[in-house]
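Everything on this sheet refers to the single structure shown next.
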Amino acid sequence: MEKNYRAEITGVYGDPVEGNPTGVMEEAAYEAMGLNYRYITMKVTPDGFPDAMKAVRALHMKGVNLTMPHKIAVIPYLDELSEAAGIIGAVNTVVVRKDGSLFGENTDGKGFVEALLRYGKHPEGKTS
């Protein structure tokens, strides 16, 4: 089998992103799973956002995470929203499907509810 030197690209778009640690966790997960993926933390300002969304397809990215200020601005660029993203009205994850369409998901709400269910206890040990 021929060696493939092209890594799959994922990342985060936001401004500011300098303090965003997500890339460290994602890169570790990719390595642990044996995936040739890279997660790039990218400063994308609102005026550069339209070009950044074009780059998702042009660079054949697998997807991007979004942080402020892009979670709502991304919606017109997407082909489909998950039920959660539609209800919340914001997207924090864009997945590029095999057909090239862009699917928007919001995992913030799910994570919040899961954390409440798992850890939703008062300091005295009473459940919320």
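Where a number appears in this text, it was derived from the coordinates with a stated rule and is not lab data. All of these numbers come straight from a predicted model, not from anything done at the bench. Here the Cβ positions follow ideal geometry from the backbone for every residue, glycine too, while neighbour counts run over all protein chains shown.
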Failed condition for Gly23, given (1) assigned to a helix (DSSP H, G or I); (2) out of contact with any Ser or Thr (no Cβ under 9 Å at 6 or more places or on another chain); (3) among the small types (Gly, Ala, Ser):
(2)
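Could you please let me know if Thr45 is out of contact with any helix residue (DSSP H, G or I) (no Cβ under 7 Å at 6 or more places or on another chain), without any contact (Cβ under 8 Å) to a residue 40 or more places away in the chain, at negative phi and among the β-branched types (Val, Ile, Thr)?
Here the answer is yes, as Thr45 does meet what is asked.
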Please go through region 1-46 and pick out each residue that is exposed (fewer than 10 other Cβ atoms within 10 Å of the Cβ) and either closer than 20 Å to Leu78 by Cβ or among the small types (Gly, Ala, Ser) (or both).
Gly19, Ala32, Gly34
Of residues in region 88-119 being assigned to a helix (DSSP H, G or I) and buried (at least 16 other Cβ atoms within 10 Å of the Cβ), the one nearest to the chain's Cα centre (by Cα):
Asp108
